[in-house]
Amino acid sequence: MERNLKNVLVISFGFLLLFTAYGGLQSLQSSLNSEEGLGVASLSVLYAALILSSMFLPPILIKKLGCKWTIAISMCCYIAFSLGNFYASWYTLIPTSVILGLGGAPLWSAKCTYLTIAGTSYAEKAGKNAKDIINQYFGVFFLVFQSSGIWGNLISSLILSQSSTKVNISEEDLACCGAYNCLTDTTNTTGSAKPANSLIYTLLGVYTASGVLAVLLVIIFLDQIKSDQAETEKEKLEAPSFWSTFLATFRHLKDKRQCLLIPLTMYSGFEQGFLSGDYTKVYVTCALGIQYVGYVMICFAAVNSLCSLLFGKISQFTGRKLLFALATVTNMACIIALLLWKPHPKHLAVFFVFPALWGLADAVWQTQTNGLYGILFEKHKEAAFANYRLWESLGFVIAFGYSTKLQAYIKLYILLSVLVLSMVTYGVVEYLEAKSSPGTPTATKKENGGPHSQETHM
């Protein structure tokens, strides 16, 4: 096998193993560690740490350690989070969430740098276009990586469904599920249906082992990039200091279009935060039990992956405006339906319809918003995508931050308000673009990659 392709596959399967564990664990946080909102608080802290690390850590670590060892060490930060869940408390989960957040940005940056260098190196040897090879390598990576959401959630559901104590949820308890959930009722089914510690430890053991395998795979099989190959990339990484990156990010806010895109970018964090932090807890766990969370999130991950691929291809024919309209209508319909629906075990299919539709809409938000940033800010991509990471992560922080303080219906109204505001400000951006370049087509091509995936699958 060609050496560069072997390295791409090593990184791809390393990330698959790592995010099989992290993805499954993130989906369960609000249900597994529901006491005093510990689970969602840890996720909020995690994304806050990610914002900080993305501004200064990646260039420093990649320059000092190289891509291979930056990836390996950053992966260890994810394992620390799995270990913190064994004895979940404010003293274990919050510090390990900070560690994971700090490791997240260097991990994704080192991966992008490695694949870019590997693609360029092979293209030079084979006399091919570097851009084409790099795109192929990223395509292989995401083809393998995207399935992590399915495997991680499948593992959790298969293990947690082994529970011998099947809890019959009373009608009185079911009244506390859904949009008008009982915030004060901590002894509701969310607590009483918690699986036995032995099952939780088994699950965490499998997740930790998956993370350790990922690290070993990278250390043993991933080639270190030769110094002469990495020289050019290192030169690029030497320039930005923390303050220059920080200032460039906020200087970019002078662009009116960037300011107008803030609500849309934050909405991406809000809607993903609601699904993994609130829908899984107050609808699925409350009415069906924690063992169903994994199956529901598999439905979301599968539809999201398929639609990301589909929308990336058809966007050149439909244009991005039509796809944004589809996502808006789909999300609005889901939000209104969630406000009206009283979850009940008899409505089993409905629990899967919502994440499927949510996955369809999320695929548009991710592929098209990334593409929009790439097209609008072609000359200032680094500052633009730094803003993308910043505002989407802030959306996650806020969504997880107020998760335990407000009832679900209030969060749904907030979600609806931000969505409406996003579409109004996005419409202004499209109007400004049409006005400045009346003859230019606005159809966007897919730019499904690094900046979004860091936050979505982090």
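The values are calculated or read from the model by the stated rules, or taken from the named source; none is laboratory data. Small disclaimer: the values here were computed from a predicted structure and weren't measured. Here the Cβ is made from the backbone with ideal geometry for all residues, glycine too, and neighbour counts use every protein chain on show. Accessible surface is based on the protein model in full, side chains and every heavy atom, while ligands, DNA and RNA are left aside. Shrake-Rupley method; radii C 1.70, N 1.55, O 1.52, S 1.80 Å.
Listed values, structure above:
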read-out: Subset of the stretch 305-348 that is over 30 Å from residue 170 (Cβ atoms) and among the charged types (D, E, K, R) - its residue that is surrounded by the fewest Cβ atoms within 10 Å (Cβ to Cβ); value: 313
read-out: Single condition residue 107 does not satisfy, out of (1) in contact with a Gly (Cβ under 6 Å, 6 or more places away or on another chain); (2) under 23 Å from residue 65 (Cα atoms); (3) of a type in the set (A, V, I, L, M, F, W, C); value: (1)
read-out: Conditions (1) modelled with pLDDT of 90 or more; (2) within 21 Å of residue 432 (Cβ to Cβ): number failed by residue 372; value: (1)
read-out: Residues satisfying the stated conditions in the stretch 293-304, i.e. buried (at least 23 other Cβ atoms within 10 Å of the Cβ) and aromatic (Phe, Trp, Tyr); value: 300
read-out: Of all residues making up the stretch 49-72, the number that are under 19 Å from residue 218 (Cβ atoms) and either among the polar types (S, T, N, Q) or not assigned by the TED database to the domain that holds residue 12 (or both); value: 1
read-out: Residue within the stretch 4-17 that is assigned to a helix (DSSP H, G or I), under 24 Å from residue 195 (Cβ atoms), open to solvent by 20 Å² or more (accessible area, probe 1.4 Å) and out of contact with any strand residue (DSSP E or B) (no Cβ under 8 Å at 6 or more places or on another chain) present; value: yes
read-out: Close pairs (8 angstrom Cβ cut-off, 6 or more residues apart or separate chains): without any contact (Cβ under 8 Å) to a residue 60 or more places away in the chain in the stretch 194-206, β-branched (Val, Ile, Thr) and loosely packed, with under 13 Cβ neighbours inside 10 Å anywhere; value: 196/165
read-out: Odd one out for residue 343, checked against (1) closer than 30 Å to residue 203 by Cβ; (2) assigned to a helix (DSSP H, G or I); value: (2)
read-out: Complete set of residues in the stretch 325-381 that are closer than 26 Å to residue 410 by Cβ and among the aromatic types (Phe, Trp, Tyr); value: 341, 351, 352, 354, 358, 365
read-out: Top-ranked residue in the stretch 190-240 [being of a type in the set (Lys, Arg) and either loosely packed, with under 14 Cβ neighbours inside 10 Å or modelled with pLDDT under 55 (or both); ranked as farthest from residue 100 (Cα to Cα)]; value: 226
read-out: Options 416, 338, 406, 394: the member that is more than 21 Å from residue 282 (Cα to Cα) and at pLDDT 85 or above; value: 394
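Let's see how each residue does on (1) in a helix (DSSP H, G or I); (2) touching a strand residue (DSSP E or B) at 6+ places or on another chain (Cβ under 6 Å); (3) of a type in the set (A, V, I, L, M, F, W, C); (4) closer than 23 Å to residue 339 by Cα:
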{"site": "280", "(1), (2), (3), (4)": "yes, no, no, yes"}
{"site": "285", "(1), (2), (3), (4)": "yes, no, no, yes"}
{"site": "293", "(1), (2), (3), (4)": "yes, no, yes, yes"}
{"site": "297", "(1), (2), (3), (4)": "yes, no, yes, yes"}
{"site": "309", "(1), (2), (3), (4)": "yes, no, yes, no"}
{"site": "317", "(1), (2), (3), (4)": "yes, no, yes, no"}
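For every residue, the table says whether it meets (1) in contact (Cβ under 8 Å) with a residue 40 or more places away in the chain; (2) surrounded by fewer than 19 Cβ atoms within 10 Å (Cβ to Cβ); (3) in a helix (DSSP H, G or I); (4) assigned by the TED database to the domain that holds residue 391.
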position: 25; (1), (2), (3), (4): yes, no, yes, no
position: 47; (1), (2), (3), (4): yes, no, yes, no
position: 74; (1), (2), (3), (4): no, no, yes, no
position: 79; (1), (2), (3), (4): yes, no, yes, no
position: 86; (1), (2), (3), (4): yes, yes, no, no
position: 92; (1), (2), (3), (4): no, yes, yes, no
position: 115; (1), (2), (3), (4): yes, no, yes, no
position: 125; (1), (2), (3), (4): no, yes, yes, no
position: 131; (1), (2), (3), (4): no, yes, yes, no
